[in-house]
Structure formats: structure tokens, C-alpha cells
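As C-alpha cells, the structure follows; a few thoughts come after it.
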Amino acid sequence: MTEFKATIGGKPAHVGADFAVLNPATGKEVGRAPNMGGAELDAAVSVAKAAFASWSAQEDAALQAACAAVTAKIEEHAGELAEIITLEQGKPLNGLGSRWEVGGAVAWAGYTTGLSLPARVLQDNEQGRVELTRKPLGVVGSITPWNFPVMIAVWHILPALRTGNTVVVKPSPHTPLSTLRLVEIMNEVLPPGVVNVVTGDDKAFNLGGAMSAHPDIRKIVFTGSCATGQRVMRSAADTMKRLTLELGGNDAGIVLPDADPAAIAEGLFWGAFINNGQTCAAMKRLYVHDTIHDAVCEALVAYARGIKVGDGMEEASILGPIQNRMQFDKVSRLVADAKERGKVLLGGEPGDGLFFPPTIIAGLRNGDALVDEEQFGPALPIIRYSDVEEAIRLANDSPNGLGGSVWSSDIAAAKAVAGRLACGSVWINKHGAIQPNVPFGGVKASGIGVEFAEEGLAEYTDIQVVFA
Ligand code: NAD
């Protein structure tokens, strides 16, 4: 079994305690991660703070070259990283699984490397010249969830490095191993202290909370649940940290009456079931017009029946288990409740261990728990509607506002509905497609700030204006 070490200051950190990380497909131990506390966090922040002086003083081209070297390293180790992700996260190597995740991480890293935020001249006339520059912040704390451990870490780390910051990253206790290896690999081409990692089991000591309150961390970029994001915001207040919070979603899809059920079935399925539904911007509620409701349900169920669920290490598996017991229990509870209120079209019964088959339940309404709560798992509620105005109202009747989608053969009609959805991203005839050149973020309770593109990069900087 590979030994997984935390890298602090370019070296393996020696910690007395560790904790087991389990393979959700088998329940067996995959590896052990260091169980760190406040002393290790302080050490990591202190080396990151020391490294900031020389890292941030570099020419922009040198930062860019370093990010290109990091990108190449990730690509070089893509196969190894994908395997670790599958073993600890459960998603298959195949399909939209771990190889796809690492491919995305390489694409994002490469694109972010190529971005820049040049100085701007805001005014240059007889009254004077005003220049705007963007300054790195210092030490950035990155806190990541368990659904896309490597891709989300790359989303946090690369823009921080590109803009001259140094980093302490803390992965979820459910999936720390791929991040430990990722940071080790990055350190092969980075100066010591520029990227550091801390891991803990969240039991005896709350590392994420301590990072959010740490006086020497200047920004937290957090991806995770709304409840934890609110805690981060509270803890960060005293030190006036910059925050990017990418939080939960309860994305609605609306199928308009003129959509073609057969043509949209595959897109609907992957919009909802990508990564077993454990995706922030997955479609978590589907509103279907009365006139095509049954045809859409039939086409979706027919597509879903062909999807093989199994151990992610087997090439035939296209979906894996739910990642952890807590999430499995949540999905089981929501599905059990929905079965009492609606009609199960597919699945509905928990499988062995943490396996749960793709589940589709029709006849549900706003107010039902599976519709109102973020299930973050392989269970899609379908809600029948007869008036498009009503569908828009029901879609917007949520504290969340991450993404949404409209399905129609008439793009202009779909765009008109899209503009009325209260969310950060709206897709037409697809759901959840994100890109490194397009800012992504939630409105309402789904977060603050954006990631990706120049707008996302700018969140790792403070503005300074010079009046001459
Ligand atoms: P979570 O909130 O339970 O955990 C996220 C991280 O926060 C983990 O690393 C955890 O250890 C850490 N943490 C725990 N307590 C903390 C505290 N008090 N202060 C700071 N950090 C703390 O989330 P999860 O279950 O790992 O992830 C699933 C959630 O993430 C879902 O709601 C999903 O929608 C959301 N998500 C959002 C996006 C997005 O971009 N908007 C992307 C992926 C996931």
C-alpha cells in the first residue's frame, strides 16, 4: 500500500497520528492520512507565509512558467491520481469518472496558467494618471469537499499560484489521499512552502475551522455545503479574510412542452446522475410539462437502465457507490420519504454496502423533502407542471441558486425562460457543463464570488490604485 505523506515546506511532515481512508466500493482501507492539529496547521501557514515573499516578487512570466510546470506534473501523473481517486472516492476510472476528473484538472490548470491580469490605466489626462494593479493576498487557505477531490483542489490552487499567492490546502477527511499525492507531485517543481497540505479526521480538531480563523491566512477558498460555508464566513470575520464560497445547489431543470423526449434523455440523465448525483451543479429537480411528461419519463428511464453500476476499478462500471455512509443515509432517507408520496419509476431500494441504484421518482411536488433538500446522490425527483410560469416560480422557490437548465427545441423560448431563473449558470439542453473560460458561482445561499476565467482569478488579488 502506498504511504501518503503530508508535504509542509517541501518536506514530508512527521505526525504521530493518522486515520484510515476507506474504499466506498469495498469498505476496505485504501491508505492512511496524517491526523493533524493546530501545531501542524501553524507550521504549514508559517512556511507558506515565509515562501510568499520570494514567490510573489517574481516576474509574471516566471509565475506563469511555474504554473505550466505544475500542469505538466499533474498530466504526467494522471493515471496514478485517477486510480487513487477511484479507490478513495468510489467513482469509476471509466466514463465521467476519475480519468475524466484528472483530465479536467489538467485542462483547468493549463487554461489558468495562460490567464493574466495586466495593470490597467484608468485615467491618463491633464488631471493625472491613475493605474490599477492587482496584488497577491498572501497565504490562501483552500478547503475542499469529497466529490471531486483533485479537480476542486486544482481549481483552488492554480489561480492562487498564478497570481503570486502561496497555499495551504485541506482536503475532506473522506478523500484526503489524492490531494496528499497531488501536493507531493506539485512540490517536485515548486519552491518549498509554496503549496502545503494538512489533513485531519475532523474529530478531535477542526482544521477547517482553525484555517478560517487563522490570522496569517488572508483568504479562504471553500467548496462544500451551505452550512459549513456559513461557519467559514463566521470564523473568517475577525480577520477580515477574503472569501470565495462555492456552496450547495438544488438545481432545477425545466422541460418545455416542445422538447423532444428521445433527444434529451441522455443529457437529462447525465445532468442529474454525473458522479452519482454527488455534484454541486447536478440537476436535482426536474420539472416536466404535462403534455410530454410520460414520454420524457419513459425515455429517461430507458436510458438509465443501460447504466452499469459497480466497483469503479472495473472498466465496465459507469457509476460507483455513494462516497460515504452519512451521504448514503441521507439519500436513503429522502428516497424512503419520496416513495410514500410519488411513484418510483426506477431503483428506489438501497443496494449492498454503499451502492444505491439510479433512482427516478415521479409525482412529487415542491414541499416534498426530495425536491426541497439537496440530495447529493443518485435520486432524481420529477415534478409535473402545466403552466410554464408556474414551473419558473417553483424552480426559483429555493434558498439555493447555483445552476439551472431549460430543455426545448426552441432556443429563443428557452433563453427567455433562462433569463428568469435565479441562479448563476443556466444551460439550454444540457446541465452542469462548466468551462475554465467561463466564471462559475452561485447566487442566494449557494455562495459568494466566482471561480474560473479572469473574474475568478481576480478573487485571489486585492486592487491597488496609484494616482500620479
Ligand atoms: P462539507 O461542508 O461537509 O465539507 C467541506 C469541507 O469543509 C471539508 O474539507 C470539511 O472537512 C471542511 N469543514 C468541516 N467543518 C468545517 C468548519 N467548521 N470550517 C471550515 N471547514 C470545515 O461538504 P462536503 O459534504 O464535503 O461536500 C458536499 C457539498 O459541497 C454539497 O453541498 C455540494 O453541493 C457542495 N459543493 C459545491 C460546489 C460548488 O462549486 N458550488 C462544488 C462541489 C461541492
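The values are calculated or read from the model by the stated rules, or taken from the named source; none is laboratory data. Just so it is clear, the model here is predicted, and its values are computed rather than measured. No Cβ is skipped: glycine too gets one built from the backbone with ideal geometry, and neighbour counts run over all protein chains shown. For accessibility, only protein heavy atoms count, side chains too; no ligands or nucleic acids. Shrake-Rupley method; radii C 1.70, N 1.55, O 1.52, S 1.80 Å.
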- Query: Any idea what the alpha-carbon Rg over 2.2 N^0.38 Å comes to for region 404-451?
  - Reply: 1.19
- Query: What fraction of the DSSP beta bridges in the chain is antiparallel, stated in percent and rounded to the nearest 5?
  - Reply: 40 percent
- Query: Dipole magnitude of the chain about its Cα centre, charges +1 at Lys/Arg Cβ and -1 at Asp/Glu Cβ only, in debye to the nearest 20?
  - Reply: 720 debye
- Based on the alpha-carbon gyration tensor of region 255-294 and its eigenvalue square roots a ≥ b ≥ c, which shape applies: rounded if a/c is under 1.5, prolate if not and a/b is larger than b/c, or oblate? prolate
- Please report the base-10 log of the normalised intensity I(q)/I(0) for region 341-418, using a Debye sum with one equal scatterer per alpha carbon and no solvent, at each q in 0.15, 0.17, 0.19, 0.22 (1/Å). -0.64, -0.80, -0.94, -1.14
- Message: Based on the alpha-carbon set only, what is the convex hull volume of region 224-301 divided per residue, in Å³?
- Response: 105 Å³
- Take the solvent-accessible surface of the protein heavy atoms, probe 1.4 Å, and return the percent of it on the chain that carbon and sulfur atoms account for. 53 percent
- Environment charge of E451, counting only residues whose C-beta is closer than 9 Å and scoring Lys/Arg +1, Asp/Glu -1: -3
- Of G306, T223, M211, which is farthest along the charge dipole of region 202-321 in the positive direction, counting Lys and Arg as +1 and Asp and Glu as -1 at C-beta? M211
- Options V130, T86, A153, ranked by Cα towards positive dipole end of region 48-155, top entry (Cβ charges): V130
- Can you check what the net charge comes to around L364, using other residues whose Cβ is under 11 Å from the Cβ of L364 (Lys, Arg +1; Asp, Glu -1)? +2
- Item | Debye log10 I(q)/I(0) for region 289-385, one point scatterer per Cα, at q = 0.16 Å⁻¹ | -0.67
- Which value, in nm² and rounded to one decimal, describes the direction-averaged projected area of the C-alpha convex hull of region 64-182? 8.4 nm²
- Task: Please give the net charge around N23, taking every other residue with its beta carbon less than 11 angstrom from that of N23, where Lys and Arg add +1 and Asp and Glu add -1.
- Result: -2
- Query: Can you give the translational diffusion coefficient of region 87-156 in µm²/s, computed by Stokes-Einstein from the Kirkwood radius over Cα pairs at 10 °C and 1.306 mPa s?
  - Reply: 103 µm²/s
- Reported to two decimal places, what Rg/Rh ratio describes region 376-468 when computed on Cα atoms with Rh from the Kirkwood expression? 1.09
- Item | Principal axes of region 1-124: Cα extent on each, largest first, Å | 65, 40, 24
- Query: How much length is gained if the chain between D337 and A316 is pulled fully straight, taking 0.36 nm per residue apart and subtracting their Cα-Cα distance, in nm to one decimal?
  - Reply: 4.4 nm
- Item | Mean shadow area of the chain over all directions, Cα convex hull, nm² | 22.8 nm²
- Note on the structure: region 98-121 scanned against label point 7 Å out from A72 along Cα→C-beta; backbone N under 18 Å for 106-115
- Message: Over the chain, what is the relative contact order in percent, taking alpha-carbon pairs closer than 8 angstrom and at least six residues apart?
- Response: 19 percent
- note: region 249-338, Cα-Cα separations exceeding 21 Å make up a percent value of 38 percent
- Query: How would you rank 246-253, 365-372, highest first, on the average number of other Cβ atoms within 10 Å across their residues?
  - Reply: 246-253, 365-372
- Query: Considering only region 316-468, what is the antiparallel percent among its DSSP beta bridges, to the nearest 5?
  - Reply: 35 percent
- Note on the structure: hull vol. (C-alpha, convex hull) per residue for region 137-250, Å³ -> 102 Å³
- Task: Among the trypsin sites (Lys or Arg not before Pro) in region 199-285, which ones are in a DSSP loop with at most 11 other Cβ atoms within 10 Å of the Cβ? Mind listing them?
- Result: K203
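Residues of the chain: accessible area per residue at 1.4 Å, in Å²?
39 Å²
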